[in-house]
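Novice: To start, I am sharing the structure in question, which I have written as structure tokens.
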Amino acid sequence: MAGFGLVIILLGIALWMGGRRGFLVGNHPYCKKCGFDLFALPLETRRCPECGSDIFADNAIRVGHHRPIVPLILTGALLSTSGAALIGWTAVGWWPQFDGSSFKPISWLERDIDSHDSQKRRRACSELERRIASDSLAPGQLDQIARAVLKLQGNPALTWNPHWGDLVQKAESGDAGHRLSAALWQQYVAQALSVTAEVRPRVRLGDPIPIRLICRLRTGSDFTALEGVTIAPTVHITLGKISGTVETPHRSLTPASADEFASSSMLQWNLFWIPSQPAGPGTAPLETDVSAGAHVIQLAATLIATQSTDPLATCTQNFSVPLKFLPAGESSVHLLHAADLPATPAEESTATQIARSIRLSGTQNDTPATAPFVFERGHTLGNLWISSPPVCLSCSVVLRQHASNGSTREWSLARLMVRPNDAASIPLRLEIHTFDERPDDGPAEIVCLPDATPAAGTVDINEVWGDPVTLPINLQISDF
Ligand SMILES: [Zn+2]
């Protein structure tokens, strides 16, 4: 576009100059050097009266004067202006695309990394990353970049940008090992850790209390520099006069765990606490301390980060969470029955949606429902495929067979819990030992019986589907 504009400008200038020069008219002699009209000078005059040049010399005189061609001048001027306008317009479009990052000093790029302009931000990050990777920066400059990022990382009000973390992590992990000052790297890891705790709000007396710890890392997406960093959580819990400590296995950050982390952007631990009074003289029995009703549970969650066994950072957060204990006979999970739901003639009922979300497949793929489900010793009977149930499914799965004498027999196959709108494939295993009663060839059912126990072990599921779901099969036993 700009090239085309330039061609038009040059063409315009050529026309304009040609028009200005025009063509020669008249028969007067003129000094070629200054254009003075030499008409009617005395013949012996050797020098031009105007500029003094030798007019007797060869080629010093021309005959006639230039008459400009006005339309040509106008056309030339018009063309040049259009060409210039075209170039200007192209430049206006191009300027915002221009990336000046590679010419900016580090302090300027540091200011740009949290710019409101996302493009400027991205460019500043990429340029700093490029300079860090090129090994052209002095350790002092790497520290300078790290300090700018630490300021952003330490501000909880800012939405964290993993590109910032990558700058520090790339600055730290050079070929020669650690490059940043140790204090800055420790501060980075300490600020990267943040922990939150969730507790199941309703728990039946005597059941373990489900607790979930969530660690959101304010780090970069490339974990090379964090290789060898492990995070070990410990929770100290106080409930009235009872207290206890729960530790869970540590997690190591590796480039492989970066993928897991990237999909959920957090590390998560699920744990249980069983309130129990430490044995000792003078301690009251448990029942007097924990009773049905509202309580407040205090948690002190600590994350300890170590790198190659050296302590790197510690992060502790305290939480006060309300907790209601239910009497021993009452389930903390509500069973949702089709009969209790309001009839919705226009929409598909929840029971229908549940039935549709469960599919059974035999060991032989694409078996139609009527084809036999072959059970071979040591193999799974088949799979339950559960996809997007409208409410949580928490079930024990059994194989049920009605005998001709009217009795019913059941064999346990699996236990499952699938959250609303989640999906899972559950293998169905029929464990039959030598002296066990065996199912017979012929009609049978695979039944999902509501079982609230898995849901009661979560921090957040308070409602599950409460009706059994029955899937008829044609069973065929072989190879015992
Ligand atoms: Zn002259």
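The values are calculated or read from the model by the stated rules, or taken from the named source; none is laboratory data. These numbers come from a predicted model, not from an experiment. Ideal geometry is used to build each Cβ from the backbone, glycine not excepted, and the neighbour counts take in all protein chains shown.
Novice: For residues that are surrounded by fewer than 13 Cβ atoms within 10 Å (Cβ to Cβ) and β-branched (Val, Ile, Thr), scanning just the range 53-81, find the one that is nearest to the ligand (Cβ to nearest atom).
Specialist: Per the criteria, the residue is Val63.
Novice: Follow-up. So, in the range 411-438, exactly how many residues are in a strand (DSSP E or B) and either over 46 Å from the mean Cα position of the chain (by Cα) or not assigned by TED's automatic domain parsing to the domain that holds Glu463 (or both)?
Specialist: 0
Novice: Inspect all residues belonging to the range 337-346 and state whether any of them is surrounded by fewer than 17 Cβ atoms within 10 Å (Cβ to Cβ), at pLDDT below 85 and in contact with a Leu (Cβ under 9 Å, 6 or more places away or on another chain).
Specialist: If we filter the range 337-346 for residues that are surrounded by fewer than 17 Cβ atoms within 10 Å (Cβ to Cβ), which is where we start, we get 337-346.
Filter once more, so that each one left must be at pLDDT below 85: 338-346.
Applying the additional criterion that residues be in contact with a Leu (Cβ under 9 Å, 6 or more places away or on another chain) yields none.
Within the range 337-346 (the criterion being surrounded by fewer than 17 Cβ atoms within 10 Å (Cβ to Cβ), at pLDDT below 85 and in contact with a Leu (Cβ under 9 Å, 6 or more places away or on another chain)), the answer is no, since none of the residues qualifies.
Novice: Could you grab me the full set of residues in the range 461-480 that are at pLDDT 90 or above and not in a strand (DSSP E or B)?
Specialist: Ile461, Asn462, Gly466, Asp467, Pro468
Novice: Output the number of residues of the range 22-52 satisfying the condition of being within 12 Å of the ligand (Cβ to nearest atom) and β-branched (Val, Ile, Thr).
Specialist: Of the residues in that region, 1 qualify.
Novice: Does Arg415 satisfy being free of Cβ contacts under 8 Å to residues at least 60 places away in the same chain and touching an Asp or Glu at 6+ places or on another chain (Cβ under 7 Å)? It would help to see each step written out before you state the result.
Specialist: Working: free of Cβ contacts under 8 Å to residues at least 60 places away in the same chain: yes; touching an Asp or Glu at 6+ places or on another chain (Cβ under 7 Å): yes.
Considered against the rule, which asks whether it is free of Cβ contacts under 8 Å to residues at least 60 places away in the same chain and touching an Asp or Glu at 6+ places or on another chain (Cβ under 7 Å), Arg415 comes out as yes.
Novice: Another question, then. For the range 153-194, give me each residue that is part of a helix (DSSP H, G or I), among the small types (Gly, Ala, Ser) and over 20 Å from the mean Cα position of the chain (by Cα). Explain how you work it out, then say what you get.
Specialist: Applying the first criterion (part of a helix (DSSP H, G or I)) to the range 153-194 yields 153, 162-172, 182-192.
Still in the list and also among the small types (Gly, Ala, Ser): 165, 171, 182-183, 190, 192.
Scanning the range 153-194 gives Ala171, Ala182, Ala183, Ala190.
Novice: Does the range 195-248 hold any residues that are in a loop (DSSP other than H, G, I, E, B) and either outside the structural domain of Thr306 (by TED's automatic domain parsing) or among the β-branched types (Val, Ile, Thr) (or both), and which are they?
Specialist: Correct list: Thr219, Thr248.
Novice: Go over the candidates Leu78, Leu41, Leu6 one by one and state the one that is assigned to a loop (DSSP other than H, G, I, E, B) and farther than 30 Å from Gln144 by Cα.
Specialist: Only one candidate qualifies: Leu41.
Novice: Condition first: out of contact with any Pro (no Cβ under 6 Å at 6 or more places or on another chain) and surrounded by fewer than 16 Cβ atoms within 10 Å (Cβ to Cβ). Can you find one or more residues in the range 159-169 that meet it?
Specialist: First, the residues of the range 159-169 that are out of contact with any Pro (no Cβ under 6 Å at 6 or more places or on another chain): 159-169.
If we keep only those that are surrounded by fewer than 16 Cβ atoms within 10 Å (Cβ to Cβ) too, we end up with 159.
There is at least one residue in the range 159-169 that is out of contact with any Pro (no Cβ under 6 Å at 6 or more places or on another chain) and surrounded by fewer than 16 Cβ atoms within 10 Å (Cβ to Cβ).
Novice: Within the range 95-112, can you find the residues that are among the hydrophobic types (A, V, I, L, M, F, W, C) and free of Cβ contacts under 8 Å to residues at least 24 places away in the same chain?
Specialist: Those that are among the hydrophobic types (A, V, I, L, M, F, W, C) and free of Cβ contacts under 8 Å to residues at least 24 places away in the same chain: Trp95, Phe98, Phe103, Trp108, Leu109.
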